[in-house]
1. Neighbour counts of other C-beta atoms within 10 Å: give me Glu182, Glu68 arranged from fewest to most.
2. If you take the beta carbon distance between Val171 and Asp115 as r and set R0 to 35 Å, what does 1/(1 + (r/R0)^6) give as a FRET efficiency, to the nearest 0.05?
3. With label points built 7 Å along Cα→Cβ from the Cα atoms of Ile87 and Ser160, find their separation and express it in nm.
4. Which peptide among 247-259, 69-81 comes first, and what is the full order, when sorted by highest mean count of other Cβ atoms within 10 Å?
5. Compute the FRET efficiency between Glu263 and Ala123 as 1/(1 + (r/R0)^6), taking r as their Cβ-Cβ distance and R0 = 41 Å, and round to the nearest 0.05.
6. How high is the FRET efficiency from Val252 to Val50, r the C-beta distance, R0 51 Å, rounded to 0.05?
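Each value in this text was obtained by applying a stated rule to the coordinates, not by laboratory testing. Since the structure is predicted, the reported quantities are computational estimates derived from the model, not experimental observations. Cβ placement follows ideal geometry from the backbone for every residue including glycine, while neighbour counts extend to all protein chains displayed.
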Amino acid sequence: MNATNRPRWRSGSWAPGVVAVLSLLGIAMAFGVAMPYARLAASSMVTLAVAVAIWTWWRAKQMRVDFEARLAAWSAHEARRAEQIRIARELHDGVSNSLALILMRAAVDRDRGSDTQRRALAAIESSARTTIAQLREMLLLLRGDGEAPRGSVDLEALVSNSRAAGMHVAVTKNLGSRITPEVAEMIHAVVGEGLSNAARHCGPCRAEVHVDDSAAGGLAVEVRDSGAVPGWVPAPGSGSGLSSLETRIANVHGVLTFDHCDEGSTLAAWIPRRDRSESESA
């Protein structure tokens with residue numbers, strides 16, 4: 001939850017009450033004995049002090065009730081926001097990436113086969129582009145961060161899906177056996193985002209995936225593509241994938257960079273290593 005706009009408990013009702021009671025007691029101590037009706041004056045001041053104390057207690061209670069109501073409303077809003085974030089992440093990681101692969105496969109095979117097949121593939125390509133555009137608008141409404149860990153890395157599935165869609169993907173992997181599920185989830189997210197962006201913007205291009213945890217204190221992940229193939233029409237995304245991924249990695253003190261040039265683009269991440277023994281002792 002976002003703690004920056006969380007309601008804060010501030011009660012200023014005790015201050016005037018305490019000041020009033022202390023003032024009355026001070027007056028009673030200073031002048032009470034010399035006054036003609038000292039006993040009556042002292043009794044009146046005590047009664048007034050009690051009344052002030054009761055009012056102060058009542059006011060503090062009302063302020064507390066109001067605070068708890070605002071806190072409940074804030075908690076409900078943050079819970080709804082967290083659910084929107086979860087839905088947006090699932091839409092992006094699942095539906096959007098799959099649509100990008102379908103679009104690329106249809107575009108690659110569009111000029112092959114019979115006229116009927118070409119028309120069918122052209123219709124599939126058009127529908128995929130329209131759906132991606134609509135999904136982009138939805139993600140812009142739901143964009144955000146936060147997601148439960150997937151718990152395992154399945155790079156083979158990501159790479160196989162990209163290859164089946166027409167991409168030429170080479171993988172270099174040097175992973176240790178003590179990577180935590182949280183780090184594994186981030187590896188999966190970086191590779192998935194990099195391959196999805198390559199498919200969407202470059203088509204059936206060449207891509208290289210490098211994962212290496214031999215660096216001191218951290219793990220490096222890189223996805224590099226060869227640029228758009230001739231004649232490919234990019235399908236723009238919502239931008240929420242990179243933004244959310246950057247925030248997730250920054251939350252664990254990692255770094256995400258994205259560089260684009262005529263020769264292609266590179267998505268690179270450095271993720272601090274945290275082995276299982278450290279995770280379990282935390």
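1. Working: Glu182 15, Glu68 12.
Lowest to highest Cβ neighbour count: Glu68, Glu182.
2. Numbers: r = 38 Å, r/R0 = 1.09.
With R0 = 35 Å, the Cβ-Cβ based efficiency is 0.40.
3. Calculated label separation equals 3.2 nm.
4. Working: 247-259: 14.5, 69-81: 12.5.
Descending packing order for the listed peptides: 247-259, 69-81.
5. Numbers: r = 34 Å, r/R0 = 0.82.
Approximately 0.75, to the nearest 0.05.
6. Working: r = 56 Å, r/R0 = 1.10.
The computed FRET efficiency comes out at 0.35.
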